[in-house]
1. How many residues does region 175-214 hold that are within 23 Å of Arg45 (Cα to Cα) and part of a loop (DSSP other than H, G, I, E, B)?
2. Return a yes/no flag: does region 154-166 have any residue that is buried (at least 21 other Cβ atoms within 10 Å of the Cβ), more than 16 Å from ligand 2 (Cβ to nearest atom) and more than 27 Å from Lys320 (Cα to Cα).
3. Would you mind telling me which numbered condition in (1) open to solvent by less than 10 Å² (accessible area, probe 1.4 Å); (2) touching a helix residue (DSSP H, G or I) at 6+ places or on another chain (Cβ under 8 Å) Pro321 fails?
4. If a residue has to be near ligand 1 (Cβ under 8 Å from one of its atoms) and not in a strand (DSSP E or B) to count, how many in region 106-119 make the cut?
5. Could you grab the pairs with beta carbons closer than 8 Å, sequence gap of 6+ or different chains, first residue in region 1-29 and closer than 22 Å to Arg136 by Cβ and touching a residue at least 60 places away in the same chain (Cβ under 8 Å), second one polar (S, T, N, Q) and surrounded by 10 or more Cβ atoms within 10 Å (Cβ to Cβ)?
6. Looking only at region 21-38, how many residues end up being touching a strand residue (DSSP E or B) at 6+ places or on another chain (Cβ under 9 Å) and of a type outside the set (Gly, Ala, Ser)?
7. Being open to solvent by 20 Å² or more (accessible area, probe 1.4 Å) and touching a residue at least 12 places away in the same chain (Cβ under 8 Å) is the filter here; which residues of region 74-94 pass it?
8. Just one of (1) more than 16 Å from the chain's Cα centre (by Cα); (2) in contact (Cβ under 8 Å) with a residue 60 or more places away in the chain; (3) within 22 Å of Asn209 (Cβ to Cβ) trips up Thr297, so point out which.
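The values are calculated or read from the model by the stated rules, or taken from the named source; none is laboratory data. This structure is a prediction, so every number in the text was calculated from the model and none was measured. Methodologically, a virtual Cβ is constructed for each residue, glycine included, from the backbone with ideal geometry; neighbour enumeration extends over all protein chains shown. We work out accessible area using only protein heavy atoms, side chains counted, and drop any ligands, DNA or RNA first. Shrake-Rupley method; radii C 1.70, N 1.55, O 1.52, S 1.80 Å.
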Amino acid sequence: MPVEFEQTFRNFLMLHQEKHNRTYHFLILMDSIIAAAKRIELYYRTGALKGNLGVAGSINIQGENVMKMDDIANEIVLHYLASNKRVIQVVSEECDDIVDMNKEGGRYFVYFDPLDGSSNVSHGLPVGFMFGIAKRFLDGDMRGPEDYHLREGSEYIAAGMFVIPTGMFTLALRDAGCWRFHSDETSTYVKPVQLTMPDNPKTWELSFNAGNTNVFSDKVQKWIGANLNKYKFRYIGALAGDFHRLLSNGGLFMYPAIVNHPNPKENRPQGKLRLLYEANVAAFMCREAGGDAIDETGTRILDLKPAAHHQRTTLYVGSKPIIDDLAAALKA
Ligand code: AHM
Ligand code: MG
């Protein structure tokens, strides 16, 4: 039997860069992101044996602080990104402050959540390593030291997610589509498959925390009442896992505002998810797959101007027709 070869992610990306007359810097950055993902996956798979499952800040039976998966994953990503030398600064869900890396010579900003889906961690169920990437203004036109790292999602050049520990990896490249890879027997990501969000309601799914329904706004509750029975309902409580399935089947993932808990600063209801490394990542991938994403005011997620690096937002992301329908219902 002849040896069979599948195209590797690296080969795919190299050809992409060459086709678009781009440098290899992005390839080098992605090498580090892949290396980090593989190492997180290894820790996660063996987590129960090594006592690494659980969330940060847990205390073991001896009363000692234990380094849990969230912190381990964060340390891994920070290590690989810092040693890569192409990164200017990062925003991580696990770090209060923005982390400086190669401020003078770096080329990219990386926004990431190293282990999203905390409620799944102690069970070893799917979690996500999600990331978005923006680029330095190469004309040297920095916007000032205090805010140049805060980019709208529309300025990202790429965004992606690893669904850990499944070996599935999805990467969207600006204006070049949304692509899925899987890990082969040698732990190499292979076999690019381009994803297109289905517009046909036959396969659509709804995904949201149904237990919160009675604290959503009246408009959202009304929309749910009119639509819940039309589609399948799926929710695993980790954005990467839920969104991974949605990219194949289409439909809607939402995390609406909890109306009883308004954000005191903005004096309007706020969502749970973070703009820079959760909502923007899903919205960017969705746009490249032909879908759309808005917040509860009807504004496109990718057009939201971040005012703070850990800013939260409401999120409605999915197939275009269902987002259009929701936008109309939210406006009514
Ligand atoms: P986390 O960053 O604390 O893990 O929270 C983000 C997660 C998302 O992955 C998921 O979509 C959502 O929170 C689930 O929240 P809930 O448990 O309220 O449904
Ligand atoms: Mg998170």
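1. Qualifying residue count, region 175-214: 5.
2. First, pick out the residues of region 154-166 that are buried (at least 21 other Cβ atoms within 10 Å of the Cβ): 156, 158-164.
Filter once more, keeping what is more than 16 Å from ligand 2 (Cβ to nearest atom): 156, 158.
This time we only want the ones that are more than 27 Å from Lys320 (Cα to Cα), so: none.
Looking through region 154-166, none of the residues is buried (at least 21 other Cβ atoms within 10 Å of the Cβ), more than 16 Å from ligand 2 (Cβ to nearest atom) and more than 27 Å from Lys320 (Cα to Cα).
3. Just one mismatch for Pro321, condition (1).
4. To start, the set of residues in region 106-119 that are near ligand 1 (Cβ under 8 Å from one of its atoms) comprises 113, 115-119.
Imposing the further condition that a residue be not in a strand (DSSP E or B) reduces the set to 117-119.
Matching residues across region 106-119 total 3.
5. Phe26/Gln17; Leu29/Asn84
6. So in region 21-38, the residues touching a strand residue (DSSP E or B) at 6+ places or on another chain (Cβ under 9 Å) come out as 25-26, 29-30, 32-34, 36-38.
Next, from what is left, pick out any that are of a type outside the set (Gly, Ala, Ser): 25-26, 29-30, 33-34, 38.
Final tally of qualifying residues: 7.
7. Let us first name the residues in region 74-94 that are open to solvent by 20 Å² or more (accessible area, probe 1.4 Å), namely 75, 78-80, 82-83, 85-86, 93-94.
Correct list: Leu78, His79, Tyr80, Ala82, Ser83, Lys85, Arg86, Glu93, Glu94.
8. (2)
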